[in-house]
Every structure is written in structure tokens, then in C-alpha cells.
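Heads up, the thing below is written out as C-alpha cells.
A short reminder: the numbers here are calculations on the coordinates, not readings from a lab. Computed from a prediction, not measured in an experiment: that's the story for all the values here. Quick reminder, even Gly has a Cβ in these numbers, built from the backbone with ideal geometry, and neighbours come from all protein chains shown.
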Amino acid sequence: MIRRVGVRLLVLFAVLGTVGCDQVTKHVARSLLAGAPARSYLADTIRLEYAENAGGFLSLGSTWSPMVRTSLLTFGTGAMLLFLAGAALRSRLTGWSLLAAILFISGGASNWLDRATRGNVVDFMNLGIGPVRTGIFNAADVSILAGAAVFALVEIRRELARPPQE
């Protein structure tokens, strides 16, 4: 019982920490970067530039009508996040799988919160060397990607540990 409460508190703090860090960095980006030229660091390896993304990943759907965009990216994403959270709770994840779910769902929830309250998501980071650059992203996107990567590594490790079938 005590262990279960401890795990729940840890999950709660991890979710609040992930969403909180993302929201704080987006607030700082709105305050310092909106309307300002891009800032470059480490020989332009890191660029900070303000962007409002009305679409999804890499602005996918940004040109859709507001009704379609809201339906799919706000309501659809919200439903998917609720489904994923429910599935994670039912499956009683532990260890690295739990961490992966927390990162993925928390990052998605923070971006969903922006989309539901502001109609868009604030992005502000860009990485690259020379002409090879990422899209513009935010801390929630890093959390989503980290969660997906941890989950993939857990699954790969599980498959490698499974005895070969004849």
C-alpha cells in the first residue's frame, strides 16, 4: 500500500514537472522571443526563435480548416491521451515502461493544453549544423520523443531477451 502511494506520488510529480517545465519555457519564449529576431548559440548549432504552430508535428495540418484542425488536433489528441493514460494505468507499468509512458503522455498533455487554451502550440528551439536542421520544437516535443525512444528501447530489449522459438 505504501509503495503504491509512493509510486503514484512519483508519477504525479513527474507529470507536473514535465508539464510545468514545458509551460515555463513556453512562457519565457513568448516573453523574450516573440517579435524578436532568432538568437543563435554555439556557432548556430542552437537557434532560439519564436513560432506559433497551429498544426501538429512539423506543422502537419496547419492549413486545414479551423473546424477540422480543432476536431482532429484538439479533440482527437485529447481522446488519444485519455486512452493512453487509461491503458497505462490498467497495465500497471513499472520501471522504464512507466517512465516512457509518463514522458510521452505528459509531453502530449502539455502541447494539448496549449492547443485547447490558445489554439496553437508555442515552439522555439531549432538544432542543426549548417543547412541540416531540425524543425522548430519545444520541451514537450522533447518529452514525447524521449518517451517514444525509451519505450522502443524497452521493447527491443524485451525482444532480445526472449528465447528463440523453433
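Would you list Phe137, Phe83 from fewest to most Cβ contacts within 10 Å?
Result, fewest neighbours first: Phe83, Phe137.
To the nearest 20 debye, what is the magnitude of the charge dipole of the stretch 2-161 about its Cα centre, counting +1 on the Cβ of each Lys and Arg and -1 on the Cβ of each Asp and Glu?
My answer is approximately 540 debye.
What is the chain's relative contact order, in percent, from Cα pairs under 8 angstrom and six or more apart in sequence?
29 percent
Considering the Cα trace of the chain, what is its radius of gyration and what is Dmax, both in angstroms?
18.1, 63
Tell me the mean residue ellipticity at 222 nm calculated for the chain from its helices only (DSSP H runs of n ≥ 4, each -39500 (n - 2.57), averaged over every residue, nearest 500).
My calculation for the chain gives -20000 deg cm²/dmol from helical runs alone.
Please order Leu10, Leu33, Leu42 by the number of other Cβ within 10 Å, starting at the fewest.
Leu42, Leu10, Leu33
Which ordering of Met80, Met125 is given by a fewest-first count of other beta-carbon atoms within 10 Å?
Met80, Met125
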